[in-house]
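In what follows, a structure is listed as structure tokens, so that the remarks can point back to it.
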Amino acid sequence: MLLAGRFPRYIRRLMLAAFLAGILGGIVYCLPVSAVNVEIIRRGLTGGFMAALMVSLGAIVGDAVWLTVAVGGAELIMSRLSLRVTIGGAGAALLLWLAWSAYQHSRREPELTPAERTSHGRAFAVGALLCLASPFAVVVLLAVIGSVGAGISGGDFATRSSLYGGIFVGAVIYGFVVSGLCAWGRRFVTRRALQLVDVGVAVIFAILGLYLAWQSLMLART
């Protein structure tokens, strides 16, 4: 009723269309293979639903930072070479540390019981750091906003806010679905399979970390 009283019907329709487009955009944004998705799957298979969900929610906090940058102007970070190199170097170090951590974890006998609650805060922090460690996320967000918002006319604040809110709702939906799938599939995973998952994740993180380090080095040399 409050919404109906404040906005005309055509504005409410625009807001709903923007919100639904944002949900779709948020899901699409989360879909590509990334360090965050790899960690969600690893945590989900080794620690269960909450472990995976906390990584996803942590990443959404990082997304909020990059969305703020994207809305405020991508040049804030993309035009500052020193800032991009610094963030890229920090991201490479984080990925290599996670690769070592996953490798070390693979050498232990894995537990097939849910992770302790004390590890959920760490999973949340890892998700946020993984997202924040990639300054190129702002480019992807800008592309998503441009594509899903292309058919939304009327760029007023309410419509844009609905679009951005929908993106976060889509990301949350994605996190719950993927975490649920990991928790469901976990019952079919053996201890040996969990060890292989850790080794595979370690290799992926090492490759991503070295690639990000190489990119940062090339930027620093320009």
Alpha-carbon Rg/Rh ratio, for the range 12-52, with Rh computed the Kirkwood way: 1.23
Full-stretch length increase - Arg192, Leu31 - with 0.36 nm per residue and alpha-carbon distance subtracted: 55.2 nm
Residue-wise HN-Hα coupling along the range 119-129, computed from phi with Karplus coefficients 6.51, -1.76, 1.60 (Hz; x: Gly, Pro): 8, 5, x, 5, 4, 4, 5, 4, x, 5, 5
Extension gain from Arg122 to Ala93, taking 0.36 nm per residue of separation minus the Cα-Cα distance: 8.7 nm
FRET efficiency, Trp100 to Arg221 (Cβ-Cβ, R0 45 Å, nearest 0.05): 0.95
Integer Hz, Karplus 6.51/-1.76/1.60 couplings in order for the range 39-47, x for Gly and Pro: 5, 4, 5, 4, 5, x, 6, 8, x
Two-site label geometry, Leu210 and Arg13: point separation in nm, points 7 Å out along Cα→Cβ: 5.6 nm
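Values in this text are rule-based calculations from the coordinates and carry no lab data. Source: prediction; values computed, not measured. Using ideal geometry, Cβ is built from the backbone for each residue, glycine included, and neighbour counts are taken over all protein chains shown.
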